[in-house]
Amino acid sequence: MKLKSFILICIFGIGISFSQGKYIEKKGVLVFEASEEAFEPIKAKNESVTVILNSSNGEIASLALVKEFRFKNALMEEHFNENYIESDTHPKAIFKGKIIGFDLAQLSEKEKEFKISGNLSLHGKEKSIEFPILVKKVDNQLSINGNFTVTPQDFDISIPKIVRNKIAKQVNVSLKFNLKSK
Amino acid sequence: MKNKKKLIIVLLVFLLALGATIFSYINKDHRNISDEKTDISTTSKEFFSSFTTNQQEFNSLYLDKAIVLKGIVTSIEDNSIVLDEKVIVTFKENAISGIKTNTEITVKGRYVGYDDLLEQLKIDQATNTNK
(Lines give C-alpha, C1' and ligand atoms only; values in the text may rest on other atoms or scores of the structure.)
Protein backbone atom coordinates (compact mmCIF):
# COMPACT_ATOMS: atom_id res chain seq x y z
CA MET A 1 0.00 0.00 0.00
CA LYS A 2 2.76 2.39 1.00
CA LEU A 3 4.72 1.50 -2.11
CA LYS A 4 1.68 2.19 -4.26
CA SER A 5 1.20 5.66 -2.87
CA PHE A 6 4.92 6.31 -3.23
CA ILE A 7 4.77 5.39 -6.91
CA LEU A 8 1.71 7.58 -7.34
CA ILE A 9 3.53 10.52 -5.77
CA CYS A 10 6.48 9.87 -8.05
CA ILE A 11 4.26 9.87 -11.14
CA PHE A 12 2.61 13.10 -10.02
CA GLY A 13 5.99 14.61 -9.32
CA ILE A 14 7.26 13.76 -12.80
CA GLY A 15 4.07 15.15 -14.32
CA ILE A 16 4.53 18.46 -12.52
CA SER A 17 8.20 18.80 -13.40
CA PHE A 18 7.38 18.17 -17.08
CA SER A 19 4.60 20.73 -17.21
CA GLN A 20 6.95 23.32 -15.72
CA GLY A 21 9.68 22.64 -18.23
CA LYS A 22 8.39 24.65 -21.16
CA TYR A 23 9.84 27.90 -22.45
CA ILE A 24 8.12 29.79 -25.24
CA GLU A 25 9.01 32.67 -27.53
CA LYS A 26 6.54 34.16 -30.02
CA LYS A 27 8.52 37.15 -31.20
CA GLY A 28 11.88 35.61 -32.02
CA VAL A 29 14.13 37.45 -34.45
CA LEU A 30 15.76 35.73 -37.43
CA VAL A 31 17.91 37.68 -39.88
CA PHE A 32 19.46 36.23 -42.99
CA GLU A 33 21.98 37.92 -45.21
CA ALA A 34 23.44 36.92 -48.57
CA SER A 35 25.04 40.18 -49.59
CA GLU A 36 28.00 40.53 -51.93
CA GLU A 37 30.24 43.54 -51.60
CA ALA A 38 29.58 46.33 -54.10
CA PHE A 39 26.04 45.13 -54.74
CA GLU A 40 22.78 46.00 -53.07
CA PRO A 41 22.54 44.28 -49.66
CA ILE A 42 20.35 41.17 -49.62
CA LYS A 43 19.03 41.02 -46.12
CA ALA A 44 15.70 40.13 -44.53
CA LYS A 45 14.33 40.03 -41.02
CA ASN A 46 11.54 38.03 -39.41
CA GLU A 47 10.39 39.30 -36.03
CA SER A 48 7.61 36.78 -35.35
CA VAL A 49 9.47 33.51 -35.00
CA THR A 50 7.96 30.93 -32.64
CA VAL A 51 10.26 28.87 -30.43
CA ILE A 52 9.39 26.18 -27.90
CA LEU A 53 12.03 24.69 -25.62
CA ASN A 54 11.59 21.73 -23.31
CA SER A 55 13.97 22.66 -20.50
CA SER A 56 13.97 19.18 -18.99
CA ASN A 57 15.78 17.65 -22.00
CA GLY A 58 16.87 20.56 -24.20
CA GLU A 59 14.59 19.69 -27.11
CA ILE A 60 13.78 22.73 -29.18
CA ALA A 61 11.41 23.50 -32.04
CA SER A 62 11.21 26.70 -34.02
CA LEU A 63 8.93 27.89 -36.78
CA ALA A 64 9.19 30.92 -39.06
CA LEU A 65 6.58 31.84 -41.61
CA VAL A 66 8.51 32.66 -44.78
CA LYS A 67 6.20 35.50 -45.78
CA GLU A 68 7.07 37.31 -42.57
CA PHE A 69 10.64 37.88 -43.73
CA ARG A 70 10.73 41.56 -44.60
CA PHE A 71 13.20 43.14 -47.00
CA LYS A 72 13.97 46.81 -47.28
CA ASN A 73 13.41 46.59 -51.03
CA ALA A 74 9.85 45.58 -51.98
CA LEU A 75 10.83 44.12 -55.34
CA MET A 76 13.49 41.96 -53.69
CA GLU A 77 10.89 40.69 -51.23
CA GLU A 78 8.57 39.84 -54.10
CA HIS A 79 11.27 37.98 -56.03
CA PHE A 80 12.38 36.13 -52.90
CA ASN A 81 8.83 34.90 -52.28
CA GLU A 82 7.85 34.14 -55.88
CA ASN A 83 11.02 32.93 -57.59
CA TYR A 84 13.38 31.63 -54.93
CA ILE A 85 11.72 30.37 -51.74
CA GLU A 86 8.29 29.89 -53.40
CA SER A 87 6.39 30.77 -50.24
CA ASP A 88 2.97 30.05 -51.72
CA THR A 89 3.77 26.34 -51.87
CA HIS A 90 6.28 26.27 -48.99
CA PRO A 91 5.01 28.81 -46.45
CA LYS A 92 7.12 27.76 -43.47
CA ALA A 93 10.64 27.11 -42.29
CA ILE A 94 10.92 24.69 -39.37
CA PHE A 95 13.83 23.72 -37.16
CA LYS A 96 13.59 20.72 -34.84
CA GLY A 97 16.51 19.70 -32.70
CA LYS A 98 18.23 19.58 -29.39
CA ILE A 99 20.57 21.71 -27.32
CA ILE A 100 23.27 19.21 -26.45
CA GLY A 101 24.03 18.92 -22.74
CA PHE A 102 21.36 21.44 -21.83
CA ASP A 103 20.91 21.82 -18.09
CA LEU A 104 18.65 24.56 -16.76
CA ALA A 105 20.29 24.43 -13.32
CA GLN A 106 23.67 25.38 -14.80
CA LEU A 107 22.44 28.56 -16.47
CA SER A 108 23.10 32.01 -15.08
CA GLU A 109 23.19 35.63 -16.16
CA LYS A 110 26.56 34.90 -17.68
CA GLU A 111 26.39 33.55 -21.24
CA LYS A 112 27.22 29.89 -21.64
CA GLU A 113 28.04 28.19 -24.93
CA PHE A 114 26.15 25.12 -26.10
CA LYS A 115 25.98 23.20 -29.31
CA ILE A 116 22.62 22.88 -31.00
CA SER A 117 21.94 20.15 -33.50
CA GLY A 118 18.89 19.32 -35.56
CA ASN A 119 17.05 19.49 -38.85
CA LEU A 120 16.11 22.60 -40.75
CA SER A 121 13.38 22.19 -43.33
CA LEU A 122 12.25 24.73 -45.87
CA HIS A 123 11.36 24.84 -49.55
CA GLY A 124 10.34 21.18 -49.24
CA LYS A 125 13.86 20.06 -48.32
CA GLU A 126 15.43 19.04 -45.03
CA LYS A 127 19.03 19.48 -43.91
CA SER A 128 20.76 18.62 -40.65
CA ILE A 129 22.67 21.51 -39.13
CA GLU A 130 24.81 22.00 -36.03
CA PHE A 131 26.09 25.28 -34.65
CA PRO A 132 27.12 26.94 -31.37
CA ILE A 133 24.71 29.12 -29.42
CA LEU A 134 25.04 31.35 -26.37
CA VAL A 135 22.44 30.89 -23.65
CA LYS A 136 21.83 32.92 -20.53
CA LYS A 137 19.08 33.02 -17.94
CA VAL A 138 17.85 36.26 -16.45
CA ASP A 139 14.96 35.93 -14.00
CA ASN A 140 12.51 33.61 -15.74
CA GLN A 141 13.73 34.30 -19.26
CA LEU A 142 16.18 32.40 -21.38
CA SER A 143 17.99 34.31 -24.06
CA ILE A 144 19.50 32.41 -26.97
CA ASN A 145 21.84 33.96 -29.53
CA GLY A 146 23.65 32.35 -32.40
CA ASN A 147 24.28 32.14 -36.09
CA PHE A 148 24.86 29.56 -38.78
CA THR A 149 25.35 29.38 -42.52
CA VAL A 150 23.50 27.45 -45.19
CA THR A 151 23.58 27.54 -48.97
CA PRO A 152 20.69 27.90 -51.43
CA GLN A 153 21.65 24.52 -52.95
CA ASP A 154 21.07 22.84 -49.58
CA PHE A 155 17.38 23.49 -50.12
CA ASP A 156 17.22 23.11 -53.90
CA ILE A 157 16.88 26.83 -54.47
CA SER A 158 18.37 27.66 -57.83
CA ILE A 159 19.80 31.12 -58.47
CA PRO A 160 19.61 32.29 -62.10
CA LYS A 161 22.94 32.98 -63.80
CA ILE A 162 22.17 36.64 -64.34
CA VAL A 163 22.11 37.42 -60.60
CA ARG A 164 24.51 34.72 -59.43
CA ASN A 165 27.40 37.07 -58.69
CA LYS A 166 25.14 39.48 -56.77
CA ILE A 167 24.06 36.84 -54.26
CA ALA A 168 26.56 35.35 -51.82
CA LYS A 169 27.16 31.59 -52.07
CA GLN A 170 26.77 31.31 -48.31
CA VAL A 171 23.71 32.64 -46.54
CA ASN A 172 24.40 33.80 -43.01
CA VAL A 173 21.51 33.39 -40.59
CA SER A 174 21.48 34.94 -37.13
CA LEU A 175 18.94 34.33 -34.40
CA LYS A 176 17.91 36.12 -31.26
CA PHE A 177 15.34 34.44 -29.05
CA ASN A 178 13.96 35.43 -25.66
CA LEU A 179 12.01 32.57 -24.16
CA LYS A 180 9.62 32.94 -21.25
CA SER A 181 8.75 30.19 -18.83
CA LYS A 182 5.25 28.81 -19.35
CA MET B 1 22.04 69.06 -89.11
CA LYS B 2 18.81 70.19 -87.51
CA ASN B 3 17.35 66.72 -87.89
CA LYS B 4 20.31 65.15 -86.15
CA LYS B 5 19.89 67.48 -83.17
CA LYS B 6 16.22 66.63 -82.97
CA LEU B 7 17.00 62.92 -83.07
CA ILE B 8 19.52 63.25 -80.25
CA ILE B 9 17.02 65.14 -78.10
CA VAL B 10 14.29 62.58 -78.75
CA LEU B 11 16.72 59.78 -77.95
CA LEU B 12 17.81 61.48 -74.73
CA VAL B 13 14.21 61.98 -73.58
CA PHE B 14 13.47 58.35 -74.39
CA LEU B 15 16.48 57.09 -72.44
CA LEU B 16 15.59 59.31 -69.50
CA ALA B 17 12.03 57.99 -69.45
CA LEU B 18 13.29 54.41 -69.68
CA GLY B 19 15.73 55.02 -66.83
CA ALA B 20 13.02 56.55 -64.66
CA THR B 21 10.69 53.60 -65.32
CA ILE B 22 13.36 51.06 -64.43
CA PHE B 23 14.32 53.05 -61.33
CA SER B 24 10.74 53.24 -60.06
CA TYR B 25 10.24 49.52 -60.79
CA ILE B 26 13.33 48.53 -58.80
CA ASN B 27 12.51 50.90 -55.97
CA LYS B 28 8.76 50.37 -55.86
CA ASP B 29 6.95 50.78 -52.55
CA HIS B 30 5.96 47.95 -50.26
CA ARG B 31 2.34 46.85 -50.39
CA ASN B 32 -0.04 48.83 -48.26
CA ILE B 33 -2.45 46.15 -47.06
CA SER B 34 -4.88 48.63 -45.49
CA ASP B 35 -5.47 50.25 -48.90
CA GLU B 36 -5.89 47.00 -50.80
CA LYS B 37 -9.16 45.47 -51.90
CA THR B 38 -10.41 43.04 -49.23
CA ASP B 39 -10.42 39.41 -50.38
CA ILE B 40 -12.57 38.04 -47.57
CA SER B 41 -14.38 39.57 -44.64
CA THR B 42 -15.42 37.13 -41.90
CA THR B 43 -15.14 36.32 -38.18
CA SER B 44 -11.94 34.91 -36.72
CA LYS B 45 -13.80 31.77 -35.57
CA GLU B 46 -15.18 31.09 -39.03
CA PHE B 47 -11.81 31.83 -40.62
CA PHE B 48 -10.15 29.23 -38.38
CA SER B 49 -12.83 26.59 -38.89
CA SER B 50 -12.67 26.91 -42.67
CA PHE B 51 -8.90 26.44 -42.33
CA THR B 52 -9.36 23.19 -40.40
CA THR B 53 -11.84 21.89 -43.01
CA ASN B 54 -9.38 22.07 -45.89
CA GLN B 55 -5.92 23.48 -45.17
CA GLN B 56 -4.57 23.18 -48.72
CA GLU B 57 -7.50 24.87 -50.37
CA PHE B 58 -7.62 27.50 -47.63
CA ASN B 59 -3.98 28.43 -48.15
CA SER B 60 -4.30 28.60 -51.91
CA LEU B 61 -7.28 30.94 -51.50
CA TYR B 62 -6.07 33.30 -48.80
CA LEU B 63 -2.29 33.16 -48.42
CA ASP B 64 -0.81 36.64 -48.90
CA LYS B 65 -4.28 38.17 -49.36
CA ALA B 66 -5.89 41.13 -47.58
CA ILE B 67 -8.30 39.76 -44.96
CA VAL B 68 -10.80 41.53 -42.69
CA LEU B 69 -11.55 39.68 -39.45
CA LYS B 70 -13.95 40.33 -36.59
CA GLY B 71 -13.39 38.70 -33.22
CA ILE B 72 -12.93 39.02 -29.47
CA VAL B 73 -9.47 40.05 -28.27
CA THR B 74 -8.33 37.24 -25.96
CA SER B 75 -4.80 38.48 -25.31
CA ILE B 76 -2.40 41.29 -26.10
CA GLU B 77 1.38 40.98 -26.28
CA ASP B 78 3.76 43.63 -27.61
CA ASN B 79 2.40 44.64 -31.02
CA SER B 80 0.20 41.54 -31.44
CA ILE B 81 -3.25 40.50 -30.33
CA VAL B 82 -4.96 37.11 -30.40
CA LEU B 83 -8.52 36.87 -31.70
CA ASP B 84 -10.68 34.14 -30.09
CA GLU B 85 -7.46 32.28 -29.16
CA LYS B 86 -7.11 31.17 -32.78
CA VAL B 87 -5.67 34.00 -34.85
CA ILE B 88 -2.56 36.04 -34.01
CA VAL B 89 -2.75 39.51 -35.49
CA THR B 90 0.44 41.57 -35.63
CA PHE B 91 -0.04 45.26 -36.17
CA LYS B 92 1.93 47.79 -38.13
CA GLU B 93 4.03 50.07 -35.92
CA ASN B 94 2.03 52.01 -33.35
CA ALA B 95 -1.29 50.76 -34.71
CA ILE B 96 -2.12 48.72 -31.60
CA SER B 97 -2.83 51.56 -29.16
CA GLY B 98 -6.27 51.66 -27.50
CA ILE B 99 -7.07 47.95 -27.94
CA LYS B 100 -8.38 46.15 -24.84
CA THR B 101 -8.86 42.46 -24.06
CA ASN B 102 -12.38 40.99 -24.06
CA THR B 103 -13.62 43.56 -26.52
CA GLU B 104 -14.76 42.98 -30.08
CA ILE B 105 -12.54 44.31 -32.81
CA THR B 106 -12.33 44.33 -36.60
CA VAL B 107 -8.90 44.25 -38.18
CA LYS B 108 -7.51 44.22 -41.68
CA GLY B 109 -4.24 42.50 -42.48
CA ARG B 110 -2.41 39.95 -44.59
CA TYR B 111 -2.76 36.20 -43.95
CA VAL B 112 0.76 34.70 -43.79
CA GLY B 113 0.20 31.10 -42.71
CA TYR B 114 -0.44 28.59 -39.95
CA ASP B 115 1.87 28.23 -36.97
CA ASP B 116 1.94 24.50 -36.06
CA LEU B 117 3.69 25.15 -32.76
CA LEU B 118 1.15 27.65 -31.45
CA GLU B 119 -1.71 26.08 -33.42
CA GLN B 120 -2.81 29.52 -34.54
CA LEU B 121 -3.24 31.31 -37.85
CA LYS B 122 -1.16 34.42 -38.42
CA ILE B 123 -2.06 37.82 -39.82
CA ASP B 124 0.54 40.56 -40.21
CA GLN B 125 0.70 44.26 -41.19
CA ALA B 126 -2.70 44.74 -39.60
CA THR B 127 -4.66 47.90 -38.93
CA ASN B 128 -7.61 48.42 -36.62
CA THR B 129 -10.67 49.14 -38.74
CA ASN B 130 -12.94 49.82 -35.75
CA LYS B 131 -11.83 53.42 -35.74
What are the pairs with Cβ atoms under 8 angstrom where one residue, in the range B:17-32, is surrounded by 10 or more Cβ atoms within 10 Å (Cβ to Cβ) and the other, located anywhere, is acidic (Asp, Glu) and modelled with pLDDT of 90 or more? Sequence gap at least six, or different chains. B:His30/A:Glu77
Looking at B:Ile76, B:Ile67, can you tell me which residue is touching a strand residue (DSSP E or B) at 6+ places or on another chain (Cβ under 7 Å) and either under 22 Å from A:Pro91 (Cα atoms) or within 14 Å of another protein chain (Cβ to nearest Cβ) (or both)? B:Ile67
Of the residues in the range A:79-115 that are closer than 16 Å to A:Lys137 by Cα and of a type in the set (A, V, I, L, M), the one that is farthest from the other protein chains (Cβ to nearest Cβ) is A:Ala105
Against the condition under 26 Å from B:Leu63 (Cα atoms) and either part of a strand (DSSP E or B) or modelled with pLDDT under 95 (or both), how does A:Ile144 come out, does it pass? no
Of all residues being under 22 Å from B:Tyr25 (Cβ atoms) and in a strand (DSSP E or B) in the range A:57-81, which is nearest to the chain's Cα centre (by Cα)? Just the residue, please. A:Arg70
Taking the range B:81-94 and the residues there that are closer than 14 Å to B:Leu118 by Cα and in a strand (DSSP E or B), the one that is farthest from the other protein chains (Cβ to nearest Cβ) would be B:Leu83
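Picking from B:Lys45, B:Lys122, which residue would you name as being among the basic types (Lys, Arg) and either in a loop (DSSP other than H, G, I, E, B) or under 16 Å from the mean Cα position of the chain (by Cα) (or both)?
Going through B:Lys45, B:Lys122 in turn, the sole match is B:Lys122.
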Test B:Lys122 against the stated conditions and say whether it is touching a helix residue (DSSP H, G or I) at 6+ places or on another chain (Cβ under 9 Å) and surrounded by 19 or more Cβ atoms within 10 Å (Cβ to Cβ). yes
Go through (1) more than 13 Å from chain A (Cβ to nearest Cβ); (2) in a strand (DSSP E or B); (3) basic (Lys, Arg); (4) free of Cβ contacts under 8 Å to residues at least 40 places away in the same chain and name the single condition B:Lys100 misses. (2)
Pairs needed: first member in the range A:48-73, closer than 20 Å to B:Ile123 by Cα; second member anywhere, β-branched (Val, Ile, Thr) and not in a strand (DSSP E or B); C-beta distance under 7 Å; at least 6 residues apart or different chains. A:Val66/A:Ile85
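Right, A:Ser108: more than 23 Å from B:Glu119 (Cβ to Cβ) and among the small types (Gly, Ala, Ser) or not?
On the way: more than 23 Å from B:Glu119 (Cβ to Cβ): yes; among the small types (Gly, Ala, Ser): yes.
Judged against the criteria, A:Ser108 is a match.
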Please go through (1) away from every other protein chain (no Cβ under 14 Å); (2) aromatic (Phe, Trp, Tyr); (3) surrounded by fewer than 20 Cβ atoms within 10 Å (Cβ to Cβ); (4) over 28 Å from A:Asn73 (Cα atoms) for B:Phe51 and return the number of the only condition it doesn't satisfy. (1)
Looking for something of a type in the set (Gly, Ala, Ser), in contact with a strand residue (DSSP E or B) (Cβ under 7 Å, 6 or more places away or on another chain) and more than 24 Å from A:Thr89 (Cα to Cα) - is there at least one such residue anywhere in the range A:118-129? no
Among the residues of the range B:56-63, is any touching a residue at least 24 places away in the same chain (Cβ under 8 Å) and not in a helix (DSSP H, G or I)? yes
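The values are calculated or read from the model by the stated rules, or taken from the named source; none is laboratory data. Predicted model, so just to flag it, every value in this text is computed and none were measured. All Cβ positions, even for glycine, are placed from backbone atoms using ideal geometry, and neighbour counts span all protein chains on display.
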